[in-house]
1. Which whole-Hz ³J(HN,Hα) couplings does the stretch 162-168 yield from phi under the Karplus relation 6.51 cos²θ - 1.76 cosθ + 1.60, θ = phi - 60°, glycine and proline marked x?
2. Comparing Ala33, Ala166, Ala103, which has the greatest mean-square fluctuation in the GNM of the chain with Cα pairs linked when under 10 Å apart?
3. Rank these for me by crowding, Glu78, Glu63, Glu171, going from fewest to most other beta carbons within 10 Å.
4. Cα gyration tensor of the chain, axes a ≥ b ≥ c as square roots of the eigenvalues: rounded (a/c below 1.5), prolate (a/b > b/c) or oblate?
5. If each residue's Cβ is checked for other Cβ atoms within 10 Å, how do Ile49, Ile159 rank with the fewest at the top?
6. Please compute the length gained on full extension between Lys150 and Ser82, using 0.36 nm multiplied by the number of residues separating them and subtracting their Cα-Cα distance.
7. Using the Karplus equation 6.51 cos²θ - 1.76 cosθ + 1.60 (θ = phi - 60°), what ³J(HN,Hα) coupling, rounded to whole Hz, does each residue of the stretch 64-81 give in order, writing x for Gly and Pro?
8. Once you've got the GNM for the chain with C-alpha springs shorter than 10 Å, pick whichever of Val31, Val128, Val97 has the biggest mean-square fluctuation.
Amino acid sequence: MNETLKTIAKRYSCRDFTGTPLSGSDIKAIVEAALASPSGMNRQPWQVIVVTDKTLIDEIDAEGMKILSAADDKSSYERMMSRGGKLFYNAPCLIVVTTSSSAPAAMDCGILSQNIALAAHSLGLGSVICGMAGIPFSGSKGGDFKKRLKFPDGYDFGISVLVGKAKSEKEPHELDMTKVTYIEA
Ligand SMILES: Cc1cc2nc3c(=O)[nH]c(=O)nc-3n(C[C@H](O)[C@H](O)[C@H](O)COP(=O)(O)O)c2cc1C
């Protein structure tokens, strides 16, 4: 297996970070991998926001947990509590991929987030794509968070990726070969 295929095969969602800050060179490599992503007609319909201010990350995390705890359906809150009680698992870096509110490009943002995850894994870092990070941006403090994270006007949360040194590692999920159909001559 070549190095690219090994990175793809070994990546897993990390939900337990040490909190150690990322080096500048790792952030640069991850950002460059993100921006190398393909997008429909090369529109690059995103603004990628790299947050390493841990106090701010913790503030957004706490707001997300507060919203989950107040929801009628407690299943997400209980799942997060069973995973340590933090939406962002103590990650030192939250990468928010924002996309145009009028023409959201979920597919493009998803591909970009996978580039981030694979780049992080190739650098020996853990990562997890985090859709739940959208919760605090849609609550009563959402406008304030968007301002502090410098969301461009007319842009909303698309997806996010948490990156950092893994405190505990995991095996990748098993491949389900029933999810493939081959049509042969
Ligand atoms: C679009 C998307 C959103 C996700 N959101 C979350 C999330 O909010 N929190 C979380 O812990 N994992 C999240 N995940 C990670 C998935 O749960 C994970 O990829 C899946 O369970 C398979 O595990 P693996 O990544 O270790 O192979 C998300 C993944 C994707 C692709």
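1. 9, 9, x, 6, 6, 7, 9
2. Taking springs between Cα atoms under 10 Å, the residue moving most is Ala103.
3. Values: Glu78 12, Glu63 20, Glu171 7.
By the 10 Å Cβ count, ascending: Glu171, Glu78, Glu63.
4. rounded
5. Ile49, Ile159
6. 21.3 nm
7. x, 5, 5, 4, 4, 5, 8, 6, 4, 7, 8, 5, 5, 4, 5, 5, 5, 5
8. Of Val31, Val128, Val97, the Gaussian network model singles out Val31 as fluctuating most.
Just so you know, all these numbers are worked out from the coordinates, no wet-lab data involved. What you see is a predicted model, and the numbers here were worked out from it, not measured in a lab. Virtual Cβ from ideal backbone geometry, glycine too; neighbours counted across all protein chains shown.
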